[in-house]
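Have a look at the structure below, then the notes.
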Amino acid sequence: MAAAGGVIRDARGEWIIRFSRSVRTWSVLNAELWAIYDVLLHAWDLGVKKIIVETDSALAVDLINKSGRSNDSVMILLLIRTVINRSWEVQVVHVYREANKVADKPAAMARGR
């Protein structure tokens, strides 16, 4: 079982929320995609109208931004695209792992590490 986690920060970089949970997948890619989906849902529920989602998974970014397909990830990609297509501004961008450590901590907590 894998874990998904993330952090939502405001424009000044201040934390708004941090979250984590276990996900029923052994795929690192699917865990990243579930984390992106969770971030989007939390941001939407908070009333955010503009969001930049950062992930260290270049493959996840490509699948989301280029409408790619992955047989193992069809359902979660559909869920992500449904949320992205709501009336708000969403960017999903790649960052290097070193820049994403703050989001990796909640996922590690969900895994029990």
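Quick notes on this one:
- Any hit, region 84-103, residues being hydroxyl-bearing (Ser, Thr, Tyr), modelled with pLDDT of 90 or more and within 18 Å of Trp15 (Cα to Cα): no
- Any chance Ala31 is modelled with pLDDT of 85 or more and closer than 21 Å to Asn85 by Cα: no
- Condition check for Ile84: among the β-branched types (Val, Ile, Thr) and either free of Cβ contacts under 8 Å to residues at least 12 places away in the same chain or farther than 21 Å from Tyr96 by Cα (or both): yes
- Listed by position, the strands (runs of 3 or more DSSP E) inside region 1-81 whose residues that are closer than 19 Å to His94 by Cβ and of a type outside the set (A, V, I, L, M) number at least 1 are 2-9, 50-55.
- Of all residues in region 82-98 being assigned to a helix (DSSP H, G or I) and of a type in the set (Val, Ile, Thr), the one that is surrounded by the fewest Cβ atoms within 10 Å (Cβ to Cβ): Thr82
- When region 18-30 is filtered for residues that are closer than 25 Å to Met75 by Cβ and within 14 Å of the chain's Cα centre (by Cα), the ones remaining, listed by number, are Phe19, Ser20, Arg21, Ser22, Val23, Val28, Leu29, Asn30.
- Output for region 50-71, where each listed residue is exposed (fewer than 12 other Cβ atoms within 10 Å of the Cβ) and charged (D, E, K, R): Lys50, Lys66, Arg69
The values are calculated or read from the model by the stated rules, or taken from the named source; none is laboratory data. Quick caveat: nothing in here was measured; it's all calculated off a predicted structure. Note that each Cβ is placed from the backbone with ideal geometry, even for glycine, and that neighbours are counted across all protein chains shown.
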